[in-house]
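So the structure is just underneath, and the comments pick up after that.
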Amino acid sequence: MTVRSPLGRAPALLWVPALVAVLFLVVPLVALVLATPWSTFLDDLRTPEVRSALWLSMETSLTTVVLCVLVGTPLAWVLARVTFRGRGLVRALVTVPLVLPPVVAGVALLAALGRSGIVGEPLREATGLTLPYTTAAVVLAHTFVALPFYVISVEGALRSAGEAYDEVAAVLGATRWHTFRRVTLPLALPGVVAGGVLAWARSLGEFGATVTFAGNYPGTTQTMPSRIYAVYLAEPEAARTLAMILLLASVGVLLLLRNRWLTPGAAA
Amino acid sequence: MNRPLRTLTPALLVALLPLAACGSDDGDGGNGSGGTGDALSGSITVSAAASLTGTFEELAAQFEAEHDGVEVELVFDSSGTLADQAVEGAPGDILATADTASMERAAEAQAEDPEIFATNELVLVTPAENPAGVTGIESLDDDAVTYVICVETAPCGGLSAEALEDAGIDREPASLERDVKATLSRVVEDEADAGLVYRTDALASGDDVQTFDLPEQLTTEYPIALLQQSRNTGVAQAFIDFVLSTAGADVLTAAGFGTP
C-alpha cells in the first residue's frame, strides 16, 4: 500500500478481502456509537436498576478474577511444569469450556450444582444451601467460562519463560515453592496479568451461562448483559445505552492489553 | 500502521453504501407464487410467540396436509423480539403474538389489522412432587417457597405482576425468566418450587407439573396479522383464515387456549 516493500505491491486479492473483514468488524460498533441516545445517556446510567446491574457486574467479575488467580495459577503451573500421565487429557478437559456454548455451560452447571443436581442435591440435604438464584451462582458461572482463558494464558507464559531459571534457583538451594514464588511467578507476571484481564473481560460479558444457571433478578443475579437483554425486549433504544457502557469497558480492556496484542509479534 | 488505515477508511465506507441501499428495497419484490382460489403453492414463514409452539406445529401440519405443495415454516421466540424483527424487515409472512401490546409495536409492519384468535389464562404450577407443599398463589408469601415468573417485558411477566398484586404477594421471585417456556422449565426441572405460566404450558407438561387455578382469572389475548413483507399473501391469508376457522379453534381449545 503506502509502504514500499522489496517484495512488491500487496495483491488486491489479499488486501480487498482484508479491508472487507475490517469493515465487517468495525461498522456495527460505529453504528452502535451513532445509535446511542447520548442526550439521555447519563440519566439512563443513573437509574437504580442500571446502577445495581453495573455494581453486580463489577463485583462478580472481580471476584471471578480472584478465583481464577487462586486456582488457575496453580493449575497452569502444574500443566506447564509437572510431567504426569494424562496431562494432555487434563489440558483438553480444562479447555473444553473455552469452546462450549455458554448456555450449555449453564445447563451443565445446573445438572451438577442445581438444587436437584448431582452435587447440589447432597449439598442441599446436608447444609440446606442452594446455589441457583444467588450471586455466588453468578460467580461460579463466570469462573466456569473464564478460568480456561486464564489457565491457557498463564500456562503459555510459564512455558515461554522456560525452566532454566527454575533450575538455577534449585541449584542455588531454593525449595520448589520458594522458586515458584520468587522466580517462576515474577517471570510469568505479564501472562498472569493478561490472563486476568482476559478472564475479567470474559466474565463481564458472560450472559448465557449466567441466566441459565443463576437466573435473572435485579440486585442478586442480574448482571449488565442480562439487564441489556431484558431491556432490549421492551425498549431497544435504552438497550443501546447499556450496550455502549460494555463497549467502553471492552475498549478499556484493549487499552490495558495494547502492549500485548496491538504490537505485532508481542503476543505469546 | 496507523496511516494507511486512516486514509482508506472513508473510501471503504463509501464503497459499502450501495450494499446498504440494496438491503432495503425488497419490500415489494412480490414473487409470490400463491395464486387465488384453491391453487395455493409455495412456502410461508410464520413468526409465533413461544407459548404457541406445539399448537402452531399442529396447525401447520394440518394446513400442509390440506394443501398440497404448501409449506409452512415456523419461527418461535418471545413476542417482543418477533415484533421488533418484523418492524426491522425480517422475512416473514405472518406474526402471531401472545399479547396485543407486542402486536401494536409491530403496527408499521402489518399489512392489515390484526385479529384475536385465542386467549390464554395464567395458572400457578409446581413440580410434580410439589416439594414445598404449595396450595395456591398465597403460598408464594412463604419464605420457604422459591418461585419464578417471566421478566416484566414478556407478556407473561406483565400478567404475573398483576396476579401477584391481586393476591397481595410482596415477596420477590427468585428469578425473572426471559419467556414463559424458560419459567416453565425451572419448575419442570425442580429448580423452583412454583412458577406462573399459561394454562396451555401447564397442560402441555402433563404429569411433570401440578396446576393451581388463580382466584381471579387473568387472561391475555393472542392477535395474528399479515405482514407487509409477505411474499406469498395468498397462502398467508389462507393460513390466517384456517387459524380463525372452527377447525383451527378445535386445535387451540385442545391445547388449553380459550377462543374469543
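Of everything in the range A:30-65 that is over 22 Å from A:R202 (Cβ atoms) and of a type in the set (D, E, K, R), the residue that is surrounded by the fewest Cβ atoms within 10 Å (Cβ to Cβ) is A:R46.
For the range A:219-231, taking the residues that are within 15 Å of A:L45 (Cα to Cα) and of a type outside the set (D, E, K, R), the one that is farthest from the other protein chains (Cβ to nearest Cβ) is identified as A:M224.
In the condition set (1) within 13 Å of chain A (Cβ to nearest Cβ); (2) surrounded by fewer than 17 Cβ atoms within 10 Å (Cβ to Cβ); (3) in contact with a strand residue (DSSP E or B) (Cβ under 9 Å, 6 or more places away or on another chain), B:C156 is compliant with all but (2).
Just checking, does the range B:121-131 include any residue being outside any helix (DSSP H, G or I), charged (D, E, K, R), within 14 Å of chain A (Cβ to nearest Cβ) and surrounded by fewer than 19 Cβ atoms within 10 Å (Cβ to Cβ)? Yes, that holds for at least one residue. State all residues of the range B:56-83 that are among the charged types (D, E, K, R) and away from every other protein chain (no Cβ under 14 Å); if no residue qualifies, say none. Once the filter is applied, which keeps residues that are among the charged types (D, E, K, R) and away from every other protein chain (no Cβ under 14 Å), the range B:56-83 yields B:E57, B:E58, B:E64, B:E66, B:D68, B:E71, B:E73.
B:T220 meets all of the listed conditions (1) in contact (Cβ under 8 Å) with a residue 24 or more places away in the chain; (2) under 20 Å from the mean Cα position of the chain (by Cα); (3) not in a strand (DSSP E or B) but one, namely (3). Restricting attention to the range B:40-67 and to residues that are more than 14 Å from the chain's Cα centre (by Cα) and of a type in the set (A, V, I, L, M), the residue that is nearest to B:A249 (Cα to Cα) turns out to be B:L59.
Within the range B:223-245, the residues that satisfy the criterion of being touching a Gly at 6+ places or on another chain (Cβ under 9 Å), outside any helix (DSSP H, G or I) and of a type in the set (S, T, N, Q) are B:Q228, B:Q229, B:S230, B:N232.
B:I169 passes every criterion in (1) at pLDDT 95 or above; (2) not in a strand (DSSP E or B) apart from (1). Counting the residues of the range B:84-105 that are within 19 Å of B:T220 (Cα to Cα), more than 11 Å from chain A (Cβ to nearest Cβ) and not in a loop (DSSP other than H, G, I, E, B) gives 5. Inside the range B:172-182, residues that are within 10 Å of another protein chain (Cβ to nearest Cβ) and not in a strand (DSSP E or B) make up a count of 6. Of the helices (runs of 4 or more DSSP H) lying entirely inside the range A:174-250, those containing at least 1 residues that are more than 17 Å from the chain's Cα centre (by Cα) and within 30 Å of B:V187 (Cα to Cα) span A:208-213, A:224-234. B:L196 meets all of the listed conditions (1) in a strand (DSSP E or B); (2) of a type in the set (A, V, I, L, M, F, W, C); (3) free of Cβ contacts under 8 Å to residues at least 40 places away in the same chain; (4) more than 12 Å from chain A (Cβ to nearest Cβ) but one, namely (3).
Looking only at residues in the range B:134-149 that are part of a loop (DSSP other than H, G, I, E, B) and within 13 Å of chain A (Cβ to nearest Cβ), the one that is nearest to the chain's Cα centre (by Cα) is B:T146. Being within 14 Å of chain A (Cβ to nearest Cβ), within 19 Å of B:D143 (Cβ to Cβ) and surrounded by fewer than 17 Cβ atoms within 10 Å (Cβ to Cβ) is a property that does not hold for B:R186. Reported count of residues in the range B:67-83, each being aromatic (F, W, Y) and either more than 27 Å from B:L40 (Cα to Cα) or part of a helix (DSSP H, G or I) (or both), is 0.
Scanning the range A:109-140 for residues that are part of a helix (DSSP H, G or I) and in contact (Cβ under 8 Å) with a residue 60 or more places away in the chain turns up A:L109, A:L110, A:L113, A:T135, A:A137, A:V138, A:V139, A:L140.
The values are calculated or read from the model by the stated rules, or taken from the named source; none is laboratory data. Here the structure is a predicted model, which is why all the values come from computation and not from measurement. Every residue, glycine among them, receives a Cβ derived from its backbone with ideal geometry; neighbour counts consider all protein chains shown.
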